[in-house]
Amino acid sequence: GKRWGSGRLKVHDTLAQQGEGSRLAAFVASLYGFAIPMTVLLLLLHNGLDLARKMRGPRARRHRLEEAPLSPSERWQHAANAVCFLLLAYSGFALHDPLAWWALPFQLLGGEAARRNAHRAAAALFLMTAAAHLAYLNTQKGRARLRSMLPAWRDLQDPVKVLAYNAGVSSDKPALAQFCYVEKFEYWALVWGSFIMTMTGGLLLFHNLALAWLPLWLTETARVIHYLEAVLACLAILLWHGYWVF
């Protein structure tokens, strides 16, 4: 009985966390295992050079070609998205590690049921925010903002110029648009990450239906992606968005 119970726990732990029950899930886990450290390293290198440059010179705002303040609607969208992101991250990691000390509030509020309901409520709020943003993009102001966020040739040139200036190779400080590669990287990473998290989260939410009609490897791959994509998103928000905002 002990051997059977131990073996069953090992199999479930392997499937749910490491993805070794599926070759695709294991490959995806390895891919994220490479992508996450490399992304963190590149972000730290880029921002580290920027910080070092700023510490050597007088304090000043970034040189922008234009500054159009955010509208009240855009501010509300940003606030709602920030709340959703924080709730999803907190409740999601609490689901993954329910016995951690920082997950104690959920343990006091009802344990697994409270964590699950909080995560689903945050996901529903996030989808409502996304729908509101899509509706906003269909307005005149929204279409203009979207055009300013589309990738352009200078988005490949500006990072090189910024790195050269921050590293001391060039003395010319590049002038950046209000929405340069910094903001565009964030925005389109958010769009891509939102799509990935919605698809994988929906598959995990309706896991009984998925297991009845879809192969097990698809569900396990979705589980691995959902967790590791959340790790990548949180690190990107902390190291990229957090740095450029503060």
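The values are calculated or read from the model by the stated rules, or taken from the named source; none is laboratory data. In this text, all values refer to a predicted model and were calculated from it rather than measured experimentally. All Cβ positions, glycine included, derive from the backbone under ideal geometry; neighbour counts span all protein chains shown. These area figures cover heavy atoms from the full protein model, side chains too; ligands, DNA and RNA do not enter into them. Shrake-Rupley method; radii C 1.70, N 1.55, O 1.52, S 1.80 Å.
Here are some notes:
- For the range 191-230, residues that are of a type in the set (Gly, Ala, Ser) and within 11 Å of the chain's Cα centre (by Cα) total 3.
Conditions (1) buried (at least 18 other Cβ atoms within 10 Å of the Cβ); (2) assigned to a helix (DSSP H, G or I), marked per residue:
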residue	(1), (2)
ARG143	no, yes
ARG147	no, yes
ALA164	no, yes
VAL169	no, no
LEU190	yes, yes
GLY201	yes, yes
HIS226	yes, yes
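- Index of the failed condition, THR219 passing every other in (1) under 18 Å from LEU95 (Cβ atoms); (2) surrounded by fewer than 16 Cβ atoms within 10 Å (Cβ to Cβ): (2)
- Residue within the range 202-222 that is of a type outside the set (D, E, K, R) and under 15 Å from LEU43 (Cα atoms) present: no
- Annotation note: of ALA222, ALA152, the sole residue that is of a type in the set (Gly, Ala, Ser), without any contact (Cβ under 8 Å) to a residue 24 or more places away in the chain and more than 30 Å from GLY33 (Cβ to Cβ) is ALA152.
- Selection within the range 14-55 - at pLDDT below 50 and open to solvent by less than 100 Å² (accessible area, probe 1.4 Å): THR14, LEU15, ALA16, GLN18, GLY19
- From LEU104, LEU99, LEU125, LEU134, residue being assigned to a loop (DSSP other than H, G, I, E, B) and open to solvent by 40 Å² or more (accessible area, probe 1.4 Å): LEU99
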